[in-house]
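These notes concern the structure reproduced below.
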Amino acid sequence: MATLKLNSGHLMPLVGFGCWKVDNATAAEQIYNAIKVGYRLFDGAEDYGNEKEVGDGINKAIKDGLVKREELFITSKLWNNFHDPKNVETALNRTLSDLKLDYVDLFLIHFPISFKFVPLEEKYPPGFYCGDGDNFHYENVTLLQTWKALEKLVKAGKIKSIGISNFTGALIYDLLRDAEIPPAVLQIEHHPYLQQPRLVEWVQSKGIAITAYSSFGPQSFLELNHSKALVTETLFKHATVLTIAERVKRTPAQVLLRWASQRNIAIIPKSNNPGRLAQNLEVNDFDLTEADFEAISKLDVGLRFNDPWDWDKIPIFV
């Protein structure tokens, strides 16, 4: 299995299974089946609300002898309400309890946004809830304060590697100045409609690995009735992608995934279909040409589907 060597010294699979929007009722079975097919990286988060079920699938696979814990790479993410250093370990402990694991391989700051703390017993995961109905409230916590709390948890053995998600270059630039442990991974929305080539180039030059989410662009957001996704041409039927897929005798999905993985960007697709599960895993045994990359580069229109500005005019990407 292809891997990326992280700056923390650990190996991360180049292809994993994304747990966003995996239904609670079927999550344990899907995770178990994915392990059976050969997946070893599972990308989850507190905010996904399915870590208990994901943990059930992982632990059943371990118990049945399909895999050993040390052969798996489990990612979770710190949600926005738990950025205060005194709440970081509380949130991580909840993740570990739900997953029924002693450690996670990678723990990311999900967004560079600090919502007001919500006690676990009040609502978990809190989502956009900040303790006051639909109103947003924030805490005056810096990213470095949160990061220092994560560094302590690496030293305590509860996390193998720490990283960031949905961060811009300027935020990473600033974080690197004072971080004792540099981020091992940056996870970003990354697809042909939102390529962010300068961010990718700079981050990789700093020895930080990149994981792409929503590799299929609008497809990931259709079931959410996202207004932009509903009026955007699906990449699966885009002439450029179809032409390449026909030539290399692969599916459009495989072409989109290889477009990232060939540039050493990790990918985390999900599928309920056993056939597509296997197809998504088998994307590193063919290559795209320079002409293919040039053709796909022309699809970039800076179209971002996951933007906190749409939540409460939060200016992360303005």
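The values are calculated or read from the model by the stated rules, or taken from the named source; none is laboratory data. Fair warning: this is a prediction, and the values are worked out from it, not measured in the lab. When we count neighbours, we look across all protein chains shown, and the Cβ atoms used for this are built from the backbone with ideal geometry, even at glycine. When the accessible area is computed, the model is the full protein with side chains, heavy atoms only, and any ligands, DNA or RNA have been set aside. Shrake-Rupley method; radii C 1.70, N 1.55, O 1.52, S 1.80 Å.
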Fill in the blank from the handout: For the pair residue 140 and residue 318, the simple spin-label estimate (label points 7 Å beyond Cα toward Cβ) gives in nm 2.0
Handout entry: Model label zone, residue 26; criterion: amide N under 15 Å from point 7 Å along Cα-to-beta-carbon; scope the range 206-246
Key = 223
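How large is the accessible surface per residue of the range 157-241, computed with a 1.4 Å probe and reported in Å² as a whole number? Don't jump to the answer; show the numbers that get you there.
Details: 3570 Å² over 85 residues.
Accessible area per residue, the range 157-241: 42 Å².
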Exercise for the section: Take the Cβ-Cβ distance between residue 293 and residue 223 as r, set R0 to 35 Å, and report the resulting FRET efficiency rounded to the nearest 0.05. Expected result: 0.75
Exercise for the section: Using only the alpha carbons of the chain, determine the length spanned along each of the three principal axes and report them from longest to shortest in whole angstroms. Expected result: 54, 48, 37
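Just how many pairs of Lys in the range 1-73 have C-alpha atoms closer than 17 Å, counting pairs that are eight or more places apart or on different chains? Don't skip to the end; give the middle numbers.
Details: 21/52; 36/60; 36/63; 36/68; 52/60; 52/63; 60/68.
Lysine pairs, 8 or more places apart or on different chains, close enough: 7.
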Problem - Pairwise label distance in nanometres, residue 177 with residue 204, each label 7 Å out on the Cα-Cβ vector - result: 2.7
Practice task
Per DSSP H run of n ≥ 4, the term is -39500 (n - 2.57); total these for the chain, divide by its residue number, and report the mean residue ellipticity at 222 nm rounded to 500 deg cm²/dmol.
Solution key: -11000 deg cm²/dmol
Practice task
Of all alpha-carbon pairs in the range 142-212, indicate the percentage at a distance above 16 angstrom.
Solution key: 46
Completion exercise
Taking the square root of 5λ for each eigenvalue of the C-alpha gyration tensor of the range 35-163, the equivalent ellipsoid has semi-axes, largest first and in whole angstrom, of 27, 16, 11
Completion exercise
For the range 79-183, the accessible surface attributable to carbon and sulfur atoms (probe 1.4 angstrom, ligands and nucleic acids excluded) amounts in percent to 49
Completion exercise
In whole angstrom, largest first, the equivalent ellipsoid semi-axes that the Cα gyration tensor gives for the range 31-71 are 18, 10, 9
Handout entry: Dipole of the chain, positive direction: furthest Cα of 13, 224, 131, with charges on the beta-carbon
Key = 13
Practice task
Filter the GluC sites (Glu not before Pro) in the range 87-166 to those in DSSP coil with at most 12 other Cβ atoms within 10 Å of their Cβ, and list the result.
Solution key: 121, 122
Exercise for the section: Please report the relative contact order for the range 82-191, taking Cα pairs under 8 Å with a sequence separation of at least 6, and give it as a percent rounded to a whole number. Expected result: 31
